[in-house]
Amino acid sequence: MEPLVIAIIIGYFALMVAIGWWAKRKTSSAKEFLVAGQTLGFLVMAIASFSSIQSGWGMVGSTGTTYDWGPQALIGSALFIPLGFAVAWFLLGTRLHRAARKHQIYSVPDLIKARYQSKSAHVTMSVAMLIGSISYMTAQVTATGVIISLLTGTSPATGAWIGSAIVAAYTVAGGMLAAVWTDLIQGLLMIVISVGLFFYAVNEAGGWRNMLDSIWQEDPTLLSADGSMPAVFIVGFAVMILFGAAGQPQLVTKFLMLKDEKELKWGAAVAGISYAVTTLFSLGVGLSMRAMTIQGRAEPLDNIDNTATVFLDAFTHPVVAGIALVGLLAAIMSSASSFITIGAASAVRDLTGSLGRVVRRELLWNRVASVGVVLAALLFALYLSQVIFLLGAIGW
(Lines give C-alpha, C1' and ligand atoms only; values in the text may rest on other atoms or scores of the structure.)
Protein backbone atom coordinates (compact mmCIF):
# COMPACT_ATOMS: atom_id res chain seq x y z
CA MET A 1 0.00 0.00 0.00
CA GLU A 2 1.19 3.52 -0.80
CA PRO A 3 2.69 5.33 2.23
CA LEU A 4 0.49 8.33 1.46
CA VAL A 5 -2.64 6.16 1.65
CA ILE A 6 -1.53 4.79 5.01
CA ALA A 7 -0.93 8.33 6.24
CA ILE A 8 -4.40 9.42 5.06
CA ILE A 9 -6.08 6.49 6.84
CA ILE A 10 -4.18 7.07 10.07
CA GLY A 11 -4.82 10.81 9.91
CA TYR A 12 -8.55 10.30 9.31
CA PHE A 13 -8.92 7.85 12.20
CA ALA A 14 -6.84 10.08 14.48
CA LEU A 15 -8.99 13.11 13.67
CA MET A 16 -12.21 11.20 14.46
CA VAL A 17 -10.86 9.99 17.80
CA ALA A 18 -9.52 13.48 18.64
CA ILE A 19 -12.97 14.99 18.05
CA GLY A 20 -14.45 12.31 20.31
CA TRP A 21 -12.11 13.14 23.16
CA TRP A 22 -12.65 16.88 22.66
CA ALA A 23 -16.40 16.24 22.93
CA LYS A 24 -15.85 14.11 26.04
CA ARG A 25 -14.49 17.15 27.87
CA LYS A 26 -17.74 18.98 27.09
CA THR A 27 -20.01 16.06 27.99
CA SER A 28 -20.97 15.95 31.64
CA SER A 29 -24.65 14.93 31.50
CA ALA A 30 -27.12 12.82 29.56
CA LYS A 31 -28.34 15.99 27.83
CA GLU A 32 -24.91 16.63 26.32
CA PHE A 33 -24.47 12.95 25.45
CA LEU A 34 -27.87 12.43 23.79
CA VAL A 35 -28.72 15.80 22.20
CA ALA A 36 -25.35 17.61 22.13
CA GLY A 37 -26.54 19.93 24.90
CA GLN A 38 -29.06 21.48 22.44
CA THR A 39 -26.33 23.84 21.19
CA LEU A 40 -26.14 23.18 17.45
CA GLY A 41 -26.24 25.84 14.75
CA PHE A 42 -27.89 25.25 11.39
CA LEU A 43 -24.77 24.47 9.34
CA VAL A 44 -23.44 21.75 11.64
CA MET A 45 -26.94 20.34 12.05
CA ALA A 46 -27.69 20.37 8.29
CA ILE A 47 -24.41 18.77 7.19
CA ALA A 48 -24.61 16.23 10.03
CA SER A 49 -28.20 15.41 9.02
CA PHE A 50 -27.34 14.61 5.42
CA SER A 51 -24.13 12.74 6.22
CA SER A 52 -25.79 10.54 8.84
CA ILE A 53 -28.34 9.41 6.22
CA GLN A 54 -25.90 9.14 3.30
CA SER A 55 -24.48 5.77 4.29
CA GLY A 56 -22.81 2.80 2.64
CA TRP A 57 -26.25 1.92 1.30
CA GLY A 58 -26.40 5.25 -0.51
CA MET A 59 -22.82 5.48 -1.77
CA VAL A 60 -22.06 1.82 -2.49
CA GLY A 61 -25.53 0.36 -3.05
CA SER A 62 -26.73 3.16 -5.34
CA THR A 63 -23.58 2.84 -7.45
CA GLY A 64 -24.39 -0.80 -8.08
CA THR A 65 -28.02 -0.14 -8.96
CA THR A 66 -26.97 2.67 -11.32
CA TYR A 67 -24.69 0.19 -13.08
CA ASP A 68 -27.62 -2.26 -13.32
CA TRP A 69 -30.65 0.01 -13.95
CA GLY A 70 -29.19 3.21 -15.35
CA PRO A 71 -29.72 6.78 -14.07
CA GLN A 72 -33.29 6.05 -12.94
CA ALA A 73 -31.76 4.25 -9.95
CA LEU A 74 -30.80 7.66 -8.59
CA ILE A 75 -34.24 9.30 -8.92
CA GLY A 76 -35.06 8.32 -5.36
CA SER A 77 -31.66 9.27 -3.97
CA ALA A 78 -30.99 12.50 -5.89
CA LEU A 79 -34.54 13.89 -5.86
CA PHE A 80 -36.80 12.29 -3.28
CA ILE A 81 -34.37 12.07 -0.36
CA PRO A 82 -33.69 15.84 -0.61
CA LEU A 83 -37.47 16.34 -0.78
CA GLY A 84 -37.67 14.16 2.33
CA PHE A 85 -35.39 16.65 4.07
CA ALA A 86 -37.79 19.44 3.11
CA VAL A 87 -40.77 17.45 4.41
CA ALA A 88 -38.99 16.80 7.70
CA TRP A 89 -37.87 20.42 8.11
CA PHE A 90 -41.17 22.10 7.34
CA LEU A 91 -43.57 19.59 8.90
CA LEU A 92 -41.51 18.44 11.90
CA GLY A 93 -38.65 20.85 12.55
CA THR A 94 -40.38 23.66 14.44
CA ARG A 95 -42.72 21.32 16.31
CA LEU A 96 -39.94 19.03 17.47
CA HIS A 97 -37.69 21.90 18.51
CA ARG A 98 -40.45 23.48 20.60
CA ALA A 99 -41.43 20.15 22.12
CA ALA A 100 -37.83 19.45 23.09
CA ARG A 101 -37.60 22.76 24.95
CA LYS A 102 -40.96 22.39 26.66
CA HIS A 103 -40.85 18.75 27.76
CA GLN A 104 -37.11 17.99 28.13
CA ILE A 105 -37.19 15.57 25.19
CA TYR A 106 -33.91 13.89 24.24
CA SER A 107 -35.14 11.09 21.92
CA VAL A 108 -37.99 9.98 19.66
CA PRO A 109 -39.51 7.67 22.34
CA ASP A 110 -39.41 10.69 24.71
CA LEU A 111 -41.49 12.53 22.15
CA ILE A 112 -43.99 9.65 21.87
CA LYS A 113 -44.33 9.60 25.65
CA ALA A 114 -44.99 13.34 25.87
CA ARG A 115 -47.37 13.39 22.90
CA TYR A 116 -49.57 10.37 23.64
CA GLN A 117 -49.17 9.82 27.41
CA SER A 118 -49.31 6.09 26.70
CA LYS A 119 -47.10 3.52 28.39
CA SER A 120 -47.68 0.92 25.67
CA ALA A 121 -46.76 3.40 22.91
CA HIS A 122 -43.65 4.40 24.84
CA VAL A 123 -42.55 0.79 25.39
CA THR A 124 -43.25 -0.16 21.77
CA MET A 125 -41.30 2.77 20.32
CA SER A 126 -38.40 2.16 22.71
CA VAL A 127 -38.10 -1.48 21.66
CA ALA A 128 -38.49 -0.62 17.97
CA MET A 129 -35.77 2.03 18.15
CA LEU A 130 -33.37 -0.35 19.91
CA ILE A 131 -33.94 -3.17 17.41
CA GLY A 132 -33.79 -0.76 14.47
CA SER A 133 -30.55 0.84 15.68
CA ILE A 134 -28.78 -2.49 16.10
CA SER A 135 -30.14 -3.71 12.77
CA TYR A 136 -28.99 -0.62 10.89
CA MET A 137 -25.66 -0.71 12.69
CA THR A 138 -25.15 -4.30 11.53
CA ALA A 139 -25.22 -3.24 7.89
CA GLN A 140 -22.76 -0.41 8.63
CA VAL A 141 -20.37 -2.74 10.48
CA THR A 142 -20.40 -5.17 7.55
CA ALA A 143 -19.70 -2.40 5.04
CA THR A 144 -16.97 -0.99 7.29
CA GLY A 145 -15.26 -4.37 7.39
CA VAL A 146 -15.22 -4.59 3.59
CA ILE A 147 -13.82 -1.07 3.09
CA ILE A 148 -11.14 -1.37 5.78
CA SER A 149 -10.11 -4.77 4.42
CA LEU A 150 -9.57 -3.17 1.01
CA LEU A 151 -7.60 -0.32 2.56
CA THR A 152 -5.39 -2.39 4.82
CA GLY A 153 -5.27 -5.83 3.22
CA THR A 154 -6.81 -7.50 6.28
CA SER A 155 -9.85 -9.81 6.28
CA PRO A 156 -13.36 -8.25 6.34
CA ALA A 157 -13.83 -9.63 9.88
CA THR A 158 -10.68 -7.91 11.10
CA GLY A 159 -11.74 -4.76 9.27
CA ALA A 160 -15.11 -4.88 11.04
CA TRP A 161 -13.40 -5.12 14.43
CA ILE A 162 -11.07 -2.21 13.62
CA GLY A 163 -13.86 0.02 12.28
CA SER A 164 -16.20 -0.81 15.16
CA ALA A 165 -13.50 -0.04 17.72
CA ILE A 166 -12.76 3.37 16.19
CA VAL A 167 -16.42 4.39 15.87
CA ALA A 168 -17.08 3.19 19.40
CA ALA A 169 -14.05 5.10 20.74
CA TYR A 170 -15.18 8.55 19.65
CA THR A 171 -18.93 7.95 20.06
CA VAL A 172 -18.73 6.43 23.54
CA ALA A 173 -16.43 9.26 24.60
CA GLY A 174 -18.40 12.21 23.26
CA GLY A 175 -21.89 10.89 22.48
CA MET A 176 -24.03 12.85 20.05
CA LEU A 177 -21.76 15.91 20.32
CA ALA A 178 -18.92 13.82 18.90
CA ALA A 179 -21.28 12.24 16.37
CA VAL A 180 -22.46 15.53 14.86
CA TRP A 181 -18.99 17.09 14.64
CA THR A 182 -17.47 13.98 13.08
CA ASP A 183 -20.51 13.89 10.77
CA LEU A 184 -19.66 17.44 9.70
CA ILE A 185 -16.11 16.45 8.70
CA GLN A 186 -17.30 13.24 7.07
CA GLY A 187 -20.05 15.06 5.16
CA LEU A 188 -17.66 17.62 3.70
CA LEU A 189 -15.26 14.82 2.76
CA MET A 190 -18.06 12.95 0.96
CA ILE A 191 -19.00 16.05 -1.05
CA VAL A 192 -15.44 16.68 -2.24
CA ILE A 193 -14.79 13.04 -3.14
CA SER A 194 -18.15 12.63 -4.90
CA VAL A 195 -17.55 15.61 -7.19
CA GLY A 196 -13.95 14.63 -7.89
CA LEU A 197 -14.71 10.95 -8.64
CA PHE A 198 -17.66 11.89 -10.87
CA PHE A 199 -15.42 13.78 -13.29
CA TYR A 200 -12.63 11.21 -12.96
CA ALA A 201 -14.96 8.29 -13.76
CA VAL A 202 -16.65 10.01 -16.70
CA ASN A 203 -13.26 10.91 -18.18
CA GLU A 204 -12.07 7.32 -17.70
CA ALA A 205 -15.01 6.08 -19.81
CA GLY A 206 -14.09 8.42 -22.66
CA GLY A 207 -16.12 11.47 -21.73
CA TRP A 208 -19.81 12.02 -21.05
CA ARG A 209 -20.98 11.66 -24.68
CA ASN A 210 -18.92 8.55 -25.48
CA MET A 211 -20.01 6.93 -22.23
CA LEU A 212 -23.72 7.49 -22.92
CA ASP A 213 -23.33 6.44 -26.57
CA SER A 214 -21.82 3.12 -25.50
CA ILE A 215 -24.66 2.44 -23.08
CA TRP A 216 -27.32 3.53 -25.60
CA GLN A 217 -26.03 1.23 -28.34
CA GLU A 218 -26.01 -1.74 -25.97
CA ASP A 219 -29.35 -1.16 -24.19
CA PRO A 220 -31.34 2.04 -24.91
CA THR A 221 -33.80 1.28 -22.08
CA LEU A 222 -31.10 2.11 -19.55
CA LEU A 223 -31.15 5.74 -20.69
CA SER A 224 -34.79 6.04 -21.75
CA ALA A 225 -37.35 8.13 -19.87
CA ASP A 226 -39.35 5.11 -18.69
CA GLY A 227 -36.19 3.22 -17.76
CA SER A 228 -35.55 -0.48 -17.35
CA MET A 229 -37.68 -1.04 -14.24
CA PRO A 230 -41.51 -1.05 -14.14
CA ALA A 231 -43.02 2.37 -13.44
CA VAL A 232 -44.93 1.03 -10.41
CA PHE A 233 -41.64 -0.13 -8.90
CA ILE A 234 -39.96 3.24 -9.40
CA VAL A 235 -42.95 5.15 -7.99
CA GLY A 236 -43.22 2.83 -5.00
CA PHE A 237 -39.50 3.07 -4.33
CA ALA A 238 -39.61 6.87 -4.60
CA VAL A 239 -42.50 7.14 -2.14
CA MET A 240 -40.73 4.87 0.33
CA ILE A 241 -37.54 6.92 0.00
CA LEU A 242 -39.39 10.25 0.40
CA PHE A 243 -41.23 9.42 3.60
CA GLY A 244 -38.51 7.07 4.82
CA ALA A 245 -35.99 9.90 4.71
CA ALA A 246 -38.36 12.26 6.54
CA GLY A 247 -38.80 9.74 9.35
CA GLN A 248 -35.18 8.64 9.83
CA PRO A 249 -34.43 8.87 13.57
CA GLN A 250 -30.88 10.13 12.99
CA LEU A 251 -32.47 13.09 11.15
CA VAL A 252 -35.45 13.65 13.44
CA THR A 253 -33.24 13.60 16.53
CA LYS A 254 -31.17 16.48 15.12
CA PHE A 255 -34.18 18.82 15.53
CA LEU A 256 -33.98 18.20 19.27
CA MET A 257 -30.40 19.55 19.31
CA LEU A 258 -30.81 23.04 17.82
CA LYS A 259 -30.04 25.98 20.04
CA ASP A 260 -32.48 28.34 18.29
CA GLU A 261 -35.62 27.87 16.19
CA LYS A 262 -34.29 30.48 13.73
CA GLU A 263 -31.52 28.03 12.79
CA LEU A 264 -34.11 25.96 10.89
CA LYS A 265 -34.42 28.48 8.05
CA TRP A 266 -31.77 27.25 5.61
CA GLY A 267 -31.15 23.76 6.96
CA ALA A 268 -33.36 21.85 4.50
CA ALA A 269 -31.72 23.47 1.47
CA VAL A 270 -28.17 22.85 2.73
CA ALA A 271 -28.88 19.22 3.69
CA GLY A 272 -30.83 18.43 0.53
CA ILE A 273 -28.35 19.98 -1.90
CA SER A 274 -25.42 18.34 -0.11
CA TYR A 275 -27.05 14.92 -0.32
CA ALA A 276 -27.90 15.42 -4.01
CA VAL A 277 -24.28 16.36 -4.76
CA THR A 278 -22.98 13.13 -3.20
CA THR A 279 -25.14 11.09 -5.60
CA LEU A 280 -22.75 12.25 -8.34
CA PHE A 281 -20.40 9.52 -7.10
CA SER A 282 -22.94 6.79 -7.91
CA LEU A 283 -23.92 8.41 -11.21
CA GLY A 284 -20.36 8.77 -12.50
CA VAL A 285 -18.91 5.48 -11.27
CA GLY A 286 -22.02 3.41 -12.02
CA LEU A 287 -22.42 4.62 -15.61
CA SER A 288 -18.68 4.58 -16.24
CA MET A 289 -18.38 0.94 -15.18
CA ARG A 290 -21.36 -0.01 -17.34
CA ALA A 291 -19.88 1.74 -20.36
CA MET A 292 -16.44 0.21 -19.87
CA THR A 293 -18.00 -3.24 -19.51
CA ILE A 294 -19.72 -2.73 -22.86
CA GLN A 295 -16.48 -1.43 -24.38
CA GLY A 296 -14.68 -4.58 -23.22
CA ARG A 297 -12.40 -2.71 -20.83
CA ALA A 298 -13.96 -4.28 -17.73
CA GLU A 299 -15.35 -7.71 -16.94
CA PRO A 300 -19.12 -7.99 -16.30
CA LEU A 301 -19.82 -7.85 -12.57
CA ASP A 302 -21.15 -10.93 -10.81
CA ASN A 303 -22.19 -8.82 -7.85
CA ILE A 304 -23.29 -5.25 -8.58
CA ASP A 305 -22.49 -4.24 -4.98
CA ASN A 306 -18.83 -4.45 -6.02
CA THR A 307 -19.21 -1.76 -8.71
CA ALA A 308 -17.53 1.01 -6.71
CA THR A 309 -14.72 -1.09 -5.27
CA VAL A 310 -13.90 -2.78 -8.62
CA PHE A 311 -13.72 0.63 -10.32
CA LEU A 312 -11.44 2.04 -7.65
CA ASP A 313 -9.21 -1.02 -7.69
CA ALA A 314 -8.92 -1.39 -11.47
CA PHE A 315 -9.14 2.13 -12.89
CA THR A 316 -7.66 4.54 -10.37
CA HIS A 317 -4.23 5.23 -8.93
CA PRO A 318 -3.76 3.60 -5.50
CA VAL A 319 -3.67 7.01 -3.82
CA VAL A 320 -6.92 8.09 -5.52
CA ALA A 321 -8.49 4.75 -4.60
CA GLY A 322 -7.33 5.11 -1.00
CA ILE A 323 -8.76 8.61 -0.65
CA ALA A 324 -12.04 7.52 -2.26
CA LEU A 325 -12.33 4.48 0.01
CA VAL A 326 -11.78 6.74 3.02
CA GLY A 327 -14.70 8.82 1.68
CA LEU A 328 -16.88 5.70 1.49
CA LEU A 329 -15.77 4.83 5.00
CA ALA A 330 -16.83 8.30 6.13
CA ALA A 331 -20.30 7.69 4.68
CA ILE A 332 -20.62 4.48 6.64
CA MET A 333 -19.18 5.77 9.93
CA SER A 334 -21.33 8.91 9.90
CA SER A 335 -24.47 6.77 10.02
CA ALA A 336 -23.04 4.35 12.56
CA SER A 337 -22.15 6.98 15.17
CA SER A 338 -25.68 8.39 15.29
CA PHE A 339 -27.28 4.97 15.65
CA ILE A 340 -24.95 4.00 18.48
CA THR A 341 -26.17 6.96 20.53
CA ILE A 342 -29.81 6.51 19.50
CA GLY A 343 -29.66 2.81 20.43
CA ALA A 344 -28.07 3.61 23.79
CA ALA A 345 -30.79 6.16 24.57
CA SER A 346 -33.47 3.61 23.67
CA ALA A 347 -32.01 1.07 26.08
CA VAL A 348 -31.05 3.29 29.02
CA ARG A 349 -33.40 6.26 29.00
CA ASP A 350 -36.46 5.10 27.08
CA LEU A 351 -37.00 1.41 27.69
CA THR A 352 -36.18 1.57 31.40
CA GLY A 353 -38.22 4.76 31.80
CA SER A 354 -41.23 3.23 30.03
CA LEU A 355 -41.08 0.36 32.51
CA GLY A 356 -41.05 2.74 35.48
CA ARG A 357 -37.36 2.36 36.33
CA VAL A 358 -35.08 5.27 37.19
CA VAL A 359 -31.48 4.96 36.02
CA ARG A 360 -28.93 6.62 38.24
CA ARG A 361 -25.68 7.83 36.69
CA GLU A 362 -27.41 7.99 33.32
CA LEU A 363 -24.36 9.30 31.46
CA LEU A 364 -22.24 6.32 32.55
CA TRP A 365 -24.90 3.80 31.57
CA ASN A 366 -25.44 5.47 28.22
CA ARG A 367 -21.76 4.92 27.50
CA VAL A 368 -22.00 1.30 28.60
CA ALA A 369 -25.08 0.79 26.43
CA SER A 370 -23.26 2.35 23.46
CA VAL A 371 -20.60 -0.32 23.74
CA GLY A 372 -23.38 -2.91 23.94
CA VAL A 373 -24.99 -1.65 20.72
CA VAL A 374 -21.66 -1.84 18.88
CA LEU A 375 -20.91 -5.36 20.16
CA ALA A 376 -24.40 -6.61 19.28
CA ALA A 377 -24.12 -5.24 15.74
CA LEU A 378 -20.60 -6.67 15.40
CA LEU A 379 -21.76 -10.14 16.46
CA PHE A 380 -24.66 -10.06 14.01
CA ALA A 381 -22.32 -8.93 11.22
CA LEU A 382 -19.73 -11.63 11.90
CA TYR A 383 -21.91 -14.64 12.70
CA LEU A 384 -25.33 -14.04 11.12
CA SER A 385 -24.35 -12.71 7.71
CA GLN A 386 -27.18 -14.56 6.00
CA VAL A 387 -29.73 -12.19 7.57
CA ILE A 388 -27.89 -8.89 7.03
CA PHE A 389 -30.25 -7.78 4.27
CA LEU A 390 -33.27 -8.55 6.44
CA LEU A 391 -31.77 -6.68 9.40
CA GLY A 392 -31.01 -3.69 7.19
CA ALA A 393 -34.61 -3.67 5.93
CA ILE A 394 -35.93 -3.80 9.50
CA GLY A 395 -33.62 -0.94 10.42
CA TRP A 396 -34.92 1.20 7.54
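Which residues' amide hydrogens lie under 5 Å from the amide hydrogen of ALA298, considering only partners 5 or more residues apart or on another chain, with H built in the peptide plane?
HN-HN under 5 Å from ALA298: THR293.
On a 1.4 Å probe surface of the protein chains, which of VAL359, VAL108 comes out largest in accessible area, and what is the full order?
The residues order as VAL359, VAL108, largest area first.
With an 8 Å Cα cut-off and a minimum separation of 6 or more residues, compute the relative contact order for the chain in percent.
39 percent
Counting only protein chains, not ligands or nucleic acids, how are ASP219, ASP68 ordered by accessible area (probe 1.4 Å), most first?
ASP68, ASP219
Which angle between 0 and 90 degrees, to the nearest 10, do you get for helix 42-53 versus the longest principal axis of the chain when only C-alpha atoms count?
For helix 42-53, the angle is close to 60 degrees.
If packing is taken as the mean number of other Cβ atoms within 10 Å per residue, what is the order of 268-276, 178-186, highest first?
178-186, 268-276
Choose one answer from SER164, SER29, SER52: the residue with the largest mean-square fluctuation in a GNM of the chain with alpha-carbon springs under 10 Å.
Maximum among the listed residues: SER29.
Using Cα atoms only, what is the angle between the long axis of helix 267-294 and the major principal axis of the chain, expressed in degrees (0 to 90) to the nearest 10?
Helix 267-294 sits at roughly 30 degrees to that axis.
Using 23 Å as the Cα-Cα cut-off, could you pick out the over-long pairs in LYS26/LYS113; LYS24/LYS254; LYS102/LYS262; LYS119/LYS262; LYS102/LYS254; LYS113/LYS262?
In this structure, LYS26/LYS113; LYS119/LYS262; LYS113/LYS262 exceed 23 Å between Cα atoms.
Please report the carbon-and-sulfur percent of the accessible area for the stretch 36-178; probe 1.4 Å, protein heavy atoms only, DNA, RNA and ligands left out.
68 percent
Please give the net charge around GLY174, taking every other residue with its beta carbon less than 11 angstrom from that of GLY174, where Lys and Arg add +1 and Asp and Glu add -1.
In short, +3.
Would you list HIS97, HIS317 from the most to the least accessible area, probe 1.4 Å?
Descending accessible area places them as HIS317, HIS97.
Quick one: angle between helix 156-204 and the longest Cα principal axis of the chain, in degrees between 0 and 90, rounded to 10, please.
For 156-204 against the chain, the angle is about 30 degrees.
Over the stretch 80-158, what is the relative contact order in whole percent, taking alpha-carbon pairs under 8 Å and six or more residues apart?
For the stretch 80-158, the relative contact order is 13 percent.
Got the relative contact order for the stretch 114-270 handy, in percent, Cα pairs under 8 Å and 6 or more residues apart?
So the answer I get is 7 percent.
Rolling a 1.4 angstrom probe over the protein chains, ignoring ligands and nucleic acids, what is the accessible area of ILE147 in square angstrom, nearest 10?
Number for this one is 0 Å².
The values are calculated or read from the model by the stated rules, or taken from the named source; none is laboratory data. A quick note: this is a predicted structure, and the numbers were derived from the prediction, not measured. Note: ideal-geometry Cβ built from the backbone for every residue, glycine included; neighbour counts use all protein chains shown. Heads up: the accessible areas ignore ligands, DNA and RNA and are worked out on the full protein's heavy atoms, side chains in. Shrake-Rupley method; radii C 1.70, N 1.55, O 1.52, S 1.80 Å.
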